[in-house]
Amino acid sequence: MKRIPMALLLLIAVVAEAENMDSRISEAKSVTSSSTGKSYDALLSPSIGKAIKTCVPPGSTSPANLGNFTLVAYVAADGSTREIEVRPSTSISKCFAQKFSSLKMPAPPEALIAKNGVPIVVEMSIVK
């Protein structure tokens, strides 16, 4: 029996994870392309702002706080979030994901709720 090198297994796992996140981003963007999705997305802004301000205080110019990241998640009917993923994984993106997971989001419209909840994507760019 041939042995598969561990590096190859790790590469396969990373590629599968990236494809999964890419498909979740597409799914969320598809939801926000509808008028109901756009309206719900706008309701999330205060929660998103609250989460990022705890990780990057307003006016912070530290290079460690700058950069881009993407978060994907599902919002359940009760406003709780689940299956949160961020890319790339940095101290700021992990902080944001942790803070985001503890927030209660506005209850989504029933028309948007799928099996896992409402897919959402947050594309964050932190600049000076």
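The values are calculated or read from the model by the stated rules, or taken from the named source; none is laboratory data. Because the structure is a prediction, the values reported are computed rather than measured. Don't worry about glycine lacking a Cβ; one is built from the backbone with ideal geometry, like all the others, and counts go over all protein chains shown.
When the residues of the range 55-77 are filtered to those that are part of a helix (DSSP H, G or I) and either in contact with a strand residue (DSSP E or B) (Cβ under 8 Å, 6 or more places away or on another chain) or surrounded by 13 or more Cβ atoms within 10 Å (Cβ to Cβ) (or both), the one that is modelled with the highest pLDDT is Cys55. Within the range 28-37, track down each residue that is surrounded by fewer than 17 Cβ atoms within 10 Å (Cβ to Cβ) and within 15 Å of Glu123 (Cα to Cα). Result: Lys29, Ser30.
Restricting attention to the range 92-103 and to residues that are closer than 11 Å to Phe69 by Cα and out of contact with any Gly (no Cβ under 8 Å at 6 or more places or on another chain), the residue that is surrounded by the most Cβ atoms within 10 Å (Cβ to Cβ) turns out to be Phe96. Test Glu110 against the stated conditions and say whether it is at pLDDT 95 or above and either closer than 17 Å to Thr32 by Cβ or surrounded by 15 or more Cβ atoms within 10 Å (Cβ to Cβ) (or both). The answer is no for Glu110. Looking only at the range 78-99, residues that are more than 19 Å from Thr32 (Cα to Cα) and touching a residue at least 40 places away in the same chain (Cβ under 8 Å) come to 4 in all. Among the residues that make up the range 36-52, is at least one of them within 12 Å of the chain's Cα centre (by Cα), in contact (Cβ under 8 Å) with a residue 12 or more places away in the chain and in a strand (DSSP E or B)? Checked the range 36-52: no residue is within 12 Å of the chain's Cα centre (by Cα), in contact (Cβ under 8 Å) with a residue 12 or more places away in the chain and in a strand (DSSP E or B).
When you scan the range 88-96, do you find a residue that is among the aliphatic types (A, V, I, L, M), modelled with pLDDT of 95 or more, within 15 Å of the chain's Cα centre (by Cα) and not in a loop (DSSP other than H, G, I, E, B), even just one?
There is no residue in the range 88-96 that is among the aliphatic types (A, V, I, L, M), modelled with pLDDT of 95 or more, within 15 Å of the chain's Cα centre (by Cα) and not in a loop (DSSP other than H, G, I, E, B).
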